[in-house]
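Colleague: Got a structure here, written out as structure tokens. Questions coming.
Values quoted throughout were computed directly from the atomic coordinates according to the rules given, and no laboratory measurement underlies them. Being a predicted model, the structure only gives us computed values, none of them experimental. Note that each Cβ is placed from the backbone with ideal geometry, even for glycine, and that neighbours are counted across all protein chains shown.
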Amino acid sequence: MSVNEKAVRAYRRNTIICLGGILAVFLLIPAFVKNPYTLNVFILIFYTSTLSMAWNLLGGMTGQNSLGHAAYMGLGAYAASMLITKAHLNPWLSGILGMIAVGLVAGVIFYPCFILKGPYFTLVSIAFGEALRQFIINSAFFGRASGIGLPFGRDSWLDFRFGSKEPYYYVGLVMLLLVYLVMKKIERSRMGYALRTIREDEDAAAAIGINPMKYKIMAVVVSAMVAGLVGFFYASYIRYIDPEMMIQAKSTESVLPAVVGGAAFVEGPLVGGLIMVPLSEFLRANFSKILPGINMLLYAVALLAVIRFRPAGILGWYSHSKLKTFIDTKILKKPPIEVIEEVELARRQRKEA
Amino acid sequence: MLNVKDLRAGYGAINILWDISFQVAEGEIVAILGSNGAGKTTMVRAVTGMVRPSAGVVQFNGEDLAKKSSRYILDQGIVQVPEGRQIFTEMTVLENLEMGAFNKETRAAFQENLRTAYQRFPRLEERAKQAAGTLSGGEQQMLAVARALIGMPKLLILDEPSLGLAPNIVDDILQVAADMARRDRISVLLVEQDITKALACADRGYVIENGRIALEGTAAALSANEHVKKAYLGI
């Protein structure tokens, strides 16, 4: 094995150790943190970040800015809850069926909508979300404005029902990791490349044989299914849902972690969620007593600061920062990019031979 | 090779092209000329399947492509360099070229085609790792042409390559097109407003006015035509 290969292997190993360390910290948190409020903040981080990853597939990677993701989340929550309470299906099965239902609805609704581009698509996504919310408010079948409660009872993995926060913490973490891996896989696949070309220039994408409509529909269906999954998790955790969860402000909340963290990166929503959710909770807990509403104002100021000074998000800044150079060279011992590419090319050629 | 007959196309209820007919033979450079709004780009889009023709035949090597998808048409070997360059500015030069090999056949031959493209445009190899948006206008147009070459065209459509470029760069690009037609027997459909340059490079030409073919003939005959002289060359 050459020196180069060894260096690349060492770099890969260091990266895995670092990521594994971060994961281990998150796995161990419930062992040390017993305060339910703090655990709740973590669970909130997990599902908000996951929802934001769903948004980012469409908004960040494909360039279709949706402002209706709370509706998909609500639809997933309602579909799963209806199956649990009315059809008495197993909650896990209901969650999966709910996801499929949301994917189908999103695909059917957005098939005609993708004739629209840019801001018009965004407007339609708002209208769709609001229409869905109004439909539920006015439908006796869906419990009108009073919502649906899920049954309480003994702790059970089979029924996805717990009195304590820890199990939700771990399920939320696993959900986040799985969705992250799926998004990472998509980013590196044919579909990921197609979505990026569509974001940059739809006509040019069509000119090189990519069918923009097909890939946009694929993106919207996957994105909506993940949002539906988050809805199922939310319903199982809170055990009560109402149409309020689909209001416009909630859709905006699904966008913020991605924008703050860096919408060009799959990791953006994770970083953004890790910062924005605790910030929002901290402000709510500590400032709303002083002057009601000031927490929202401070949150908005923090958001405006990011958009004004770091429009590419935190990761956009990080990817060109001295901090990254320091971490890469001193901690991960990353070899020069040419060396990595050389090793990669040699490996690929060996594989082909 | 390409035989377009009585092609009609438009957007929604508005018809743009009225019974357009033209032919391109193997290894031939055919210029489609006309002023702004004459229907040139709509014609390109109708041939490549990006606009569905409402009537007519687009025959390519004996097969009618008029109702086929743009993906299918591309796979048959009709590759276009769209108007206004349309490269992916945030991707690197190399990634842009890779995107030119999106279907399976072209991907298998990618490395070989990449070498050929780099030989034709050595500047692109120097800048392979650079974001395409940082290239000059001429280099971007070269990249757009190179991306089309990676798609192994039998018929290459150049939609207004001269748009916004310095005259000597336009000459370079037309030189490459002429070269491909002569040496590799690739047919070229050159859609242009700059009639002098287009006719200097093409074998034959068609003039489109108001969505109809107004004139056709060899490049020499069109250059000498009184109407062309008056309306387009200003002499």
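Colleague: Assigning unit charges at the beta carbon (Lys, Arg +1; Asp, Glu -1) and nothing else, what dipole magnitude in debye, to the nearest 20, does region B:86-152 show about its Cα centre?
Modeller: 100
Colleague: If you don't mind, another one. Between residue B:107 and residue A:181, what's the calculated FRET efficiency when r is the beta-carbon distance and R0 is 25 Å? Round to 0.05.
Modeller: On the way: r = 25 Å, r/R0 = 1.01.
Working from the Cβ atoms, E equals 0.50.
Colleague: Taking amide hydrogens as modeled 1.01 Å from N in the peptide plane, which residues meet the under 5 Å criterion relative to residue B:209, leaving out close sequence neighbours?
Modeller: Under 5 Å from the amide H of residue B:209: B:214.
Colleague: Give, in nm to one decimal, the length gained when the segment between residue A:135 and residue A:319 is fully stretched (0.36 nm per residue of separation minus the Cα-Cα distance). Each step should come with its number before you reach the end.
Modeller: Values: separation 184, 0.36 × 184 = 66.24 nm, distance 4.42 nm.
Gain in length upon complete extension: 61.8 nm.
Colleague: In the protein assembly as shown, if the dipole is taken from +1 on Lys/Arg beta carbons and -1 on Asp/Glu beta carbons about the Cα centre, which of B:101, A:271, B:177 is farthest to the positive end?
Modeller: About the Cα centre, the residue reaching furthest to the positive side is A:271.
Colleague: If you take the Cα Rg of region B:87-232 and divide it by 2.2 N^0.38 Å, with N the number of residues, what do you get?
Modeller: Taking the Cα Rg and dividing by 2.2 N^0.38 Å, one obtains 1.14.
Colleague: Further question on the same structure: For region B:86-100, take each phi angle, set θ = phi - 60°, evaluate the Karplus expression 6.51 cos²θ - 1.76 cosθ + 1.60, and give the result in whole Hz per residue in order, putting x for glycine and proline.
Modeller: Karplus-based 3J(HN,Hα) across region B:86-100 equals 6, 9, 8, 5, 8, 8, 6, 4, 5, 4, 4, 5, 4, 5, x Hz.
Colleague: Sticking with this one: Just report the Cα centroid separation between region A:236-282 and region A:94-120, whole Å.
Modeller: Value for the Cα centre distance between the two parts: 20 Å.
Colleague: Give the Kirkwood hydrodynamic radius (Å, one decimal) of region A:1-130, defined as one over the mean of 1/r across all pairs of different Cα atoms. All intermediate terms of the calculation are to be shown ahead of the outcome.
Modeller: On the way: mean 1/r = 0.0545 Å⁻¹.
Its Kirkwood hydrodynamic radius stands at 18.3 Å.
Colleague: Return, ordered by residue number, the residues of region A:325-350 whose backbone nitrogen is under 11 Å from a label point located 7 Å along Cα→Cβ of residue B:128.
Modeller: So the set is A:342.
Colleague: Something else now. At q = 0.14 Å⁻¹, what base-10 log of I(q)/I(0) does the Debye formula yield for region A:123-185 when every alpha carbon is treated as an equal point scatterer in vacuo?
Modeller: Values returned for q = 0.14 Å⁻¹ are -0.78.
Colleague: Whole-Hz Karplus ³J(HN,Hα) for region A:102-118, in order, using 6.51 cos²θ - 1.76 cosθ + 1.60 and θ = phi - 60°, x for Gly and Pro?
Modeller: Using θ = phi - 60°, the values come out as 5, x, 5, 4, 5, x, 5, 5, 8, 4, x, 5, 6, 5, 7, 10, x Hz.
Colleague: Under 5 Å between amide H atoms, partner at least 5 residues away or on a different chain: which partners does residue B:80 have, H built in plane at 1.01 Å?
Modeller: B:157
Colleague: With viscosity set to 1.002 mPa s and temperature to 20 °C, compute the Stokes-Einstein D of region A:36-263, Rh being the Kirkwood radius across alpha carbon pairs; µm²/s, no decimals.
Modeller: Estimated via Stokes-Einstein, D reaches 121 µm²/s.
Colleague: Follow-up. Find how many whole Å separate the alpha carbon centroid of region B:85-147 from the alpha carbon centroid of region A:63-80.
Modeller: 38
Colleague: Moving on to the next point. When only alpha-carbon atoms are used, what values of Rg and Dmax, in angstrom, describe the protein assembly as shown?
Modeller: For the protein assembly as shown, the Cα-based Rg and Dmax read 28.6, 93 Å.
Colleague: State the extension gain, in nm to one decimal, for the chain segment bounded by residue A:214 and residue A:249, taking 0.36 nm per residue of separation less the distance between their alpha-carbons.
Modeller: Extra length available between residue A:214 and residue A:249 comes to 9.6 nm.
Colleague: Measuring from label point to label point, each 7 Å out along Cα→Cβ, what is the residue A:24 to residue A:289 span in nm?
Modeller: Distance between label points: 3.9 nm.
Colleague: Once the principal axes of the Cα atoms of region B:86-152 are found, what is the range along each, listed largest first in whole angstroms?
Modeller: Principal-axis extents of region B:86-152 (Cα, largest first): 30, 22, 17 Å.
Colleague: Could I ask something else about it? State, to one decimal in nm, how far the label point of residue B:5 lies from the label point of residue B:19, with both points 7 Å from Cα in the Cβ direction.
Modeller: A separation of 1.4 nm, rounded to one decimal place.
Colleague: Also, quick follow-up: Per-residue ellipticity at 222 nm for chain A, helices alone: DSSP H runs ≥ 4 residues times -39500 (n - 2.57), over residue total, nearest 500 deg cm²/dmol?
Modeller: -24000 deg cm²/dmol
Colleague: So which lysines can residue B:229 reach, going by Cα to Cα under 21 Å and dropping same-chain residues fewer than 8 places off?
Modeller: List returned: B:40, B:197.
Colleague: Can you compute 3J(HN,Hα) from phi for each residue in region A:171-176, using the Karplus curve 6.51 cos²θ - 1.76 cosθ + 1.60 with θ = phi - 60°, rounded to whole Hz and x for Gly and Pro?
Modeller: Per-residue couplings from phi come out as 4, x, 5, 5, 4, 4 Hz.
Colleague: Among the lysines, select those whose C-alpha is under 29 Å from the C-alpha of residue A:351, and discard any that sit fewer than 8 residues away in the same chain.
Modeller: Reachable lysines: A:6, A:184, A:185, A:333, A:334, B:104, B:129.
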